[in-house]
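Here's the structure, in structure tokens; my notes come after.
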Amino acid sequence: MIQAGDLVLIWHPDKRCDSFLVKLQKGMVQGTHFGQLSHDEIMKHDYGEGMATARGEVCYLLRPALGEYTRRIKRQTQIIFPKDAGFIIQHLNIFPGCTVVECGTGSGSLCCTFAHFVGDTGKVCTYDRRPEFSELARKNAERWGVAQRIEFNVRPLDEGFKERNADAVYLDVPTPWDYIDKAYEALAPGNHLGILVPTSNQVSATLEALAEFGFVDVKVCELMLRYYKTDPKRVRPEDQMIGHTGFLIFGIKTLPYGEN
């Protein structure tokens, strides 16, 4: 059965109706435009079951996916979209037990994603100069249940990272080319650095800095995502798509030739 403290996605079959992501609390009621739902009544069901609202309309209680959660988190900053987050996870080679260093905590969208995949034996060390961003990210991580895997640091990147020999480093800052040296210090040789920037002139400056520090196998890309209507009699693209959200840059740290 679904229990108090669980996250539930309340989904209605009418595509014009919004879905609701709810953390259950005893005695609470969720209002929707298709009727009210008692949290106590929801906890008498299991994931995947249908449930009638107070107005008699049937909705479904679904287990939320990570992408659904990070897309909906409370935010004070732009977030990393799920379409980019999955690509970043693979190209930074994130695995259970690894240590990830991140600068640009923001609202914690990608931070929660990293923590989800490093597991209880891994660690995410995230940095932001704004304490209010770090605190919001912590609350978002607690809601998803991964805050214990994250170390939140409030300090400017000018002071560098505390970590050394990290398995992956990720930068989401306005001028990443100014901090490639800090990323180089924190990253283990042969491991991956990821960077996100919104504009092409930022890409150029970043590429120059990566070359200066000997990063190799450098890649730049952007991802587009287009959903399709799911009516089997009328399959066609949705009218809107998620286009450019940022340029993703990846590189691998190497040591100077001949250095042991």
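The values are calculated or read from the model by the stated rules, or taken from the named source; none is laboratory data. Only a predicted model underlies this, so the values are computations on that prediction, with no experimental measurement involved. Calculation scope for accessible area: heavy atoms of the full protein, side chains included, ligands and nucleic acids excluded. Shrake-Rupley method; radii C 1.70, N 1.55, O 1.52, S 1.80 Å.
When we measure straight from the Cα of Lys83, which lysines land under 28 angstrom away, once same-chain ones fewer than 8 places off are left out? Within reach: Lys15, Lys23, Lys74, Lys123, Lys139, Lys182, Lys219, Lys229, Lys233, Lys253.
Computed from phi, the 3J(HN,Hα) profile of the range 241-247 under the Karplus parametrisation 6.51, -1.76, 1.60 (θ = phi - 60°) reads 9, 8, x, 5, 10, x, 8 Hz, with x in place of Gly and Pro.
Could you provide, to the nearest whole Å², the per residue accessible area of the range 207-250 with probe 1.4 Å? Don't skip to the answer; put the middle values down first.
Details: 3190 Å² over 44 residues.
I get 73 Å² per residue for the range 207-250.
Over the C-alpha trace of the range 110-192, radius of gyration and Dmax come out as 12.7, 35 angstrom.
Each semi-axis of the equivalent ellipsoid for the range 12-136 is √(5λ) with λ an eigenvalue of the Cα gyration tensor; in descending order they amount to 33, 16, 14 Å. Only alpha carbons enter this Debye calculation for the chain, each as an equal point scatterer, and the log10 of I(q)/I(0) it gives at q = 0.09, 0.11, 0.16, 0.18 Å⁻¹ is -0.49, -0.69, -1.17, -1.35.
Which percent of the accessible area of the range 1-54 is formed by carbon and sulfur heavy atoms (probe 1.4 angstrom)? Don't skip to the end; give the middle numbers.
Numbers: 1390 of 2950 Å².
Ligands and nucleic acids excluded, carbon and sulfur give 47 percent.
Give me the percent of DSSP beta bridges within the chain that run antiparallel, rounded to the nearest 5. Could the numbers behind the result be given before it?
Numbers: 24 of 43 bridges.
Among the beta bridges of the chain, antiparallel pairing accounts for roughly 55 percent.
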